[in-house]
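**Q** First, the structure itself, so that you have it in front of you.
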Amino acid sequence: MHRGSLQYWHHRRAQKRLPRVRHAPINIKESVPLNMVAYKVGMAHIGMNDDSDSPSKNMEITTACTILEIPHIEMYGIRCYSKDINGYKKASFEIHHAESAKKLKRKNVKNDESKLNSIKEKLNEYSNITALLVAYPKGLSVDQHRHIRFESEIGGSNIEDKFNFASAKLGKELKVNEVFKNGEFIDITAITKGKGWAGTIKRFGTARLSHKATQKVRHVGALGAMSPGKVLFTVPQAGQLGFNYRTETNKRLLKIGNSSEVQKINPKAGFLNYGNVKNDYIIIKGSVGGPVKRLVRIRKTINRNRKGIKEPKINYTSIE
């Protein structure tokens, strides 16, 4: 009997540790990058005033939260796209900042920021402009020293706004408070905990067979009908459990903190299996997929929030 959910199918192991973002929100008039990366620190609990429409409205409640640390992020390049009948197509060249390219040890970089004027003159030939970002985890408590390069869509009502923002921000640091606000709803893409190879009972929750069954008890009774002569994808089978791409939508960002106030959230002994937060951080309501020190990707929510942004009133944060 099949008792597992087919909502996420198939259970394939993630190819990279950097979570992918396949879609970007539309109708974002503010010219900012639409996604960033962060590291999962751990969980805590906070006391806040309930500003929802629940029976505990306007009362002080305690809720679980997850803390994410933001690494040092810079915009090292600009990428242009043109659109035809087959979709978006990357332009033949990119604009890279000279100092950032040297820091990334990129070779054969033929274009630099001096060619921004040539792109500005040909803006009508392009359909979209994206930001090329790099995160430097060195100095954090994640014990990783290799930089992470990723791409982000840029918000804006037209391509001129996107280009003006990208050209002004090229080679500069990107702060989390420039992209997100307190109380905003965001989407979080993470790679779940990997649990290796698992059988059908642990992976899908199928029932054990009778003790009179031949061969094994912890396996499926049949792989399908005699005709058609193939095994359908809906049949539960053993395989990889965990380490999958998963996206949670409409997670509320409760607070954005900077590096000067990390003592307000750091426990005396540090976070379990992580250590102390040293850089800018954000507090997310609820849980976030993946283990501690896992790289996650935060994005402006793809679902429209009709209630607007309400900054929560946080009374205390647990640091014990």
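**Q** Looking at GLY139, GLY156 in this structure, which one is in contact with a helix residue (DSSP H, G or I) (Cβ under 6 Å, 6 or more places away or on another chain), at positive phi and part of a loop (DSSP other than H, G, I, E, B)?
**A** Only one candidate passes the filter, namely GLY156.
**Q** Of all residues being in a strand (DSSP E or B) and basic (Lys, Arg) in the range 233-278, which is farthest from THR206 (Cα to Cα)? Just the residue, please.
**A** Among those residues, the one meeting the criterion is LYS255.
**Q** Only one residue in ALA44, ALA101 is in a strand (DSSP E or B) and either more than 26 Å from GLU125 (Cβ to Cβ) or modelled with pLDDT under 85 (or both). Which one? Spell out the reasoning first.
**A** Details: ALA101 fails: in a strand (DSSP E or B).
Exactly one residue qualifies, and that residue is ALA44.
**Q** Can you tell which of GLY270, GLY286 is of a type in the set (Gly, Ala, Ser), surrounded by 12 or more Cβ atoms within 10 Å (Cβ to Cβ) and either under 28 Å from VAL21 (Cα atoms) or in contact with a Gly (Cβ under 7 Å, 6 or more places away or on another chain) (or both)?
**A** Going through GLY270, GLY286 in turn, just one is of a type in the set (Gly, Ala, Ser), surrounded by 12 or more Cβ atoms within 10 Å (Cβ to Cβ) and either under 28 Å from VAL21 (Cα atoms) or in contact with a Gly (Cβ under 7 Å, 6 or more places away or on another chain) (or both): GLY286.
**Q** Would you check which residues across the range 4-23 are modelled with pLDDT of 90 or more, among the aliphatic types (A, V, I, L, M) and over 12 Å from the mean Cα position of the chain (by Cα) and list them?
**A** Hit for the range 4-23 is ALA14, nothing else.
**Q** On the given criteria, is SER82 in contact with a Phe, Trp or Tyr (Cβ under 8 Å, 6 or more places away or on another chain), at pLDDT 85 or above, in a strand (DSSP E or B) and small (Gly, Ala, Ser)?
**A** Yes.
**Q** Let me ask something additional. Would you please list the contacts, defined by Cβ atoms under 7 Å and residues six or more apart or on different chains, that run from a residue in the range 42-58 that is more than 26 Å from GLY289 (Cα to Cα) and among the acidic types (Asp, Glu) to a residue that is outside any strand (DSSP E or B) and at pLDDT below 90?
**A** Within 7 Å, no pair qualifies.
**Q** If ALA207 satisfies every condition in (1) among the aliphatic types (A, V, I, L, M); (2) at pLDDT 90 or above; (3) assigned to a loop (DSSP other than H, G, I, E, B) but one, which is the exception?
**A** (2)
**Q** Follow-up question, since we're still on this one. Give the residues of the range 279-316 that are touching a helix residue (DSSP H, G or I) at 6+ places or on another chain (Cβ under 9 Å) and assigned to a loop (DSSP other than H, G, I, E, B), sorted by residue number.
**A** ASN279, ASP280
The values are calculated or read from the model by the stated rules, or taken from the named source; none is laboratory data. Note that the coordinates shown come from a computational prediction; the quantities given were computed from them, not determined experimentally. Note: ideal-geometry Cβ built from the backbone for every residue, glycine included; neighbour counts use all protein chains shown.
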